[in-house]
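In what follows, a structure is listed as structure tokens, so that the remarks can point back to it.
The values are calculated or read from the model by the stated rules, or taken from the named source; none is laboratory data. Computed from a predicted model, the values in this text were never measured in an experiment. Positions of Cβ are backbone-derived with ideal geometry, glycine not excepted, and every protein chain shown enters the neighbour counts.
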Amino acid sequence: MANYLKRPNGTEDVTPERIRKWYTVERVTREIAESFGFSEIRVPTFEVTELFQRSVGETTDVVQKEMYSVIAKETQFTLRPEGTAGTIRAMLQNGLLAEALPQKVFYQLSCFRHERPQAGRLREFHQFGVEMAGAASPYADAEVILLGKTVLDRLGLKNIVLNLNSIGCPACRAKYQEALRAYFTPFKEKLCETCQERLVRNPMRLLDCKSPEDRELSKDAPVILDYLCDDCKAHFEAVKTALTGMGVAFVINPKIVRGLDYYTKTVFEFISSDIGAQGTVCAGGRYDGLIEQLGGQSVPALGFGMGLERLILTMEQQGCEFLEPSVCDVYLAPMDEAAYPAALSYANALRTLGARAEFDLAGRSFKAQMKYANKLGARYLVVLGSNELSEGKGQLKNMQTGEQKPVRLDTAEHFTADYTEITLSDQFGGV
């Protein structure tokens, strides 16, 4: 067995052969977010630990079990386990919430959670997310959900079901918490140790427990929809009406509470049936109290996150299309040492045109260079030998058709002019 160092468990390398899949989801998510009026924001990879304790919630699995934290000179920092808290902190600190509302931002970033690695769940993973601050309207909920659906549709994903719920406001949720305590208390000794603590501090977290035994106990638990106040009920009905009006299908799933404490009212998940247990490809909702909780004014807000690894995994399972890999436009084959300066000059001139140009850098024989050019998938080939360079003339060969066209080799400017004319011609098919 090779004795080189390996990557940490729960992480992945994105090799050149896979990077086009990442480019696909990154480009689509960016383009759609911008079409909805969202602007990109970038935030630090780590924050002070208190930020996540105050926002995500001390009774959540994320804070209790999954965060990567370190103490540096008596200050505790944590690698971000999700994108919302750091983004809201940045919006507050940089004065975005003092500008015209709503403020709409999106991000593409890495997150870190110490979990048992499995398909679709890594310890370092990547998210596309959007956050909208300053909009209390149920139409804002519908707009954010529609943005998520548009991304999934544009990527070509199928068999994705929108699961929708409302978890109410703090007032109506308090009554629901009491109902959950009354229901779960007789089963206290059967609950896992973590959930026994949650029963006292935050019983809604019991519904999000990953233990199969605890999930079985929660099957007949009260549902939040029966405890919504009039305002929360009206908001949820308006969201459903707006989605129906846009032709967005959904199912009501009262078991969705989301794994983070900052959520209020609308919560949702887009779930795939094609990638096993980790089927949620997009999840989010409203968090009207988070900004105030982090030291700002009372500003309503909402958003979602999409796991890029899960998106790519689902696309692979469903046979979705990805961006084609870029290939070499022109391969320059120097026949001897004297031809290398010309190869370097022509390659550089081609690159200024936006072409991808390569030449031999490994001292290959002519035959080996032909094999290498084919392996690269080069569209065109130019042989640079002593005769070609001394005469100032060469041949640009179409590697697909075998057709050759003359090109001038006396100067890089003449060569690129001929190359452009040939590759843009209808006869040669273009590049």
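For region 175-192, which residues satisfy the criterion of being within 34 Å of the chain's Cα centre (by Cα) and hydrophobic (A, V, I, L, M, F, W, C)?
If the condition is that a residue be within 34 Å of the chain's Cα centre (by Cα) and hydrophobic (A, V, I, L, M, F, W, C), then CYS192 is the only one that fits.
Considering only residues that are under 32 Å from the mean Cα position of the chain (by Cα) and in a helix (DSSP H, G or I), look in region 220-232 and name the one that is surrounded by the fewest Cβ atoms within 10 Å (Cβ to Cβ).
Step by step, filter region 220-232, then rank; the result is LEU225.
Inside region 317-343, can you point out the residues that are over 29 Å from the mean Cα position of the chain (by Cα) and either closer than 23 Å to LEU424 by Cα or in contact (Cβ under 8 Å) with a residue 60 or more places away in the chain (or both)?
Across region 317-343, the qualifying residues are ASP329, VAL330, TYR331, LEU332, ALA333, ALA342, ALA343.
Among the listed residues VAL327, VAL267, VAL248, identify the single one that is among the β-branched types (Val, Ile, Thr), modelled with pLDDT of 90 or more and not in a loop (DSSP other than H, G, I, E, B).
Step by step, each of VAL327, VAL267, VAL248 is checked, and only VAL267 is among the β-branched types (Val, Ile, Thr), modelled with pLDDT of 90 or more and not in a loop (DSSP other than H, G, I, E, B).
Considering only region 1-24, how many residues are touching a residue at least 24 places away in the same chain (Cβ under 8 Å) and not in a loop (DSSP other than H, G, I, E, B)?
So the count comes out to 5.
Report, ordered by the first and then the second residue, all pairs with beta carbons closer than 6 Å, sequence separation of six or more or different chains, a first member in region 212-231 that is closer than 12 Å to PHE187 by Cα, and a second member that is outside any helix (DSSP H, G or I).
Pairs found: ASP214/LEU191; ASP214/CYS192.
Just checking, does region 155-165 include any residue being of a type in the set (A, V, I, L, M, F, W, C), within 30 Å of ALA98 (Cβ to Cβ) and either touching a helix residue (DSSP H, G or I) at 6+ places or on another chain (Cβ under 9 Å) or in contact (Cβ under 8 Å) with a residue 24 or more places away in the chain (or both)? Let's see the steps before the verdict.
Keep residues of region 155-165 that are of a type in the set (A, V, I, L, M, F, W, C), which gives 155, 157, 160-162, 164.
Add one more test, that the residue is within 30 Å of ALA98 (Cβ to Cβ), and what stays is none.
The answer is no, given that none of the residues of region 155-165 is of a type in the set (A, V, I, L, M, F, W, C), within 30 Å of ALA98 (Cβ to Cβ) and either touching a helix residue (DSSP H, G or I) at 6+ places or on another chain (Cβ under 9 Å) or in contact (Cβ under 8 Å) with a residue 24 or more places away in the chain (or both).
Has region 284-293 got at least one residue that is in the same structural domain as ASN165 (by TED's automatic domain parsing), in contact with a strand residue (DSSP E or B) (Cβ under 9 Å, 6 or more places away or on another chain) and of a type in the set (Asp, Glu)?
Checked region 284-293: at least one residue is in the same structural domain as ASN165 (by TED's automatic domain parsing), in contact with a strand residue (DSSP E or B) (Cβ under 9 Å, 6 or more places away or on another chain) and of a type in the set (Asp, Glu).
All but one of (1) small (Gly, Ala, Ser); (2) over 30 Å from LEU396 (Cα atoms); (3) assigned to a helix (DSSP H, G or I) hold for SER298; state the number of the condition that does not hold.
(3)
Every residue in region 181-197 that is in a helix (DSSP H, G or I), surrounded by 14 or more Cβ atoms within 10 Å (Cβ to Cβ) and at pLDDT below 90, please.
Across region 181-197, the qualifying residues are PHE187, THR194, CYS195, GLN196, GLU197.
Matching residues to (1) buried (at least 21 other Cβ atoms within 10 Å of the Cβ); (2) part of a loop (DSSP other than H, G, I, E, B); (3) touching a strand residue (DSSP E or B) at 6+ places or on another chain (Cβ under 6 Å):
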| position | (1), (2), (3) |
| --- | --- |
| LEU302 | yes, no, yes |
| MET306 | yes, no, yes |
| ARG310 | yes, no, yes |
| LEU313 | no, no, no |
| GLN317 | no, no, no |
| PHE322 | no, yes, no |
| ALA333 | yes, no, yes |
| TYR340 | no, no, yes |
| LEU344 | no, no, no |
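What's the total number of residues in region 4-25 that are touching a Leu at 6+ places or on another chain (Cβ under 8 Å) and surrounded by fewer than 17 Cβ atoms within 10 Å (Cβ to Cβ)?
Summing the residues that are touching a Leu at 6+ places or on another chain (Cβ under 8 Å) and surrounded by fewer than 17 Cβ atoms within 10 Å (Cβ to Cβ) in region 4-25 gives 4.
Can you spot a residue in region 133-146 that is surrounded by fewer than 20 Cβ atoms within 10 Å (Cβ to Cβ) and touching a Pro at 6+ places or on another chain (Cβ under 6 Å)?
Among the residues of region 133-146, at least one is surrounded by fewer than 20 Cβ atoms within 10 Å (Cβ to Cβ) and touching a Pro at 6+ places or on another chain (Cβ under 6 Å), which makes the answer yes.
Test THR87 against the criterion of being surrounded by 14 or more Cβ atoms within 10 Å (Cβ to Cβ) and of a type in the set (Val, Ile, Thr), and give yes or no.
The answer is yes for THR87.
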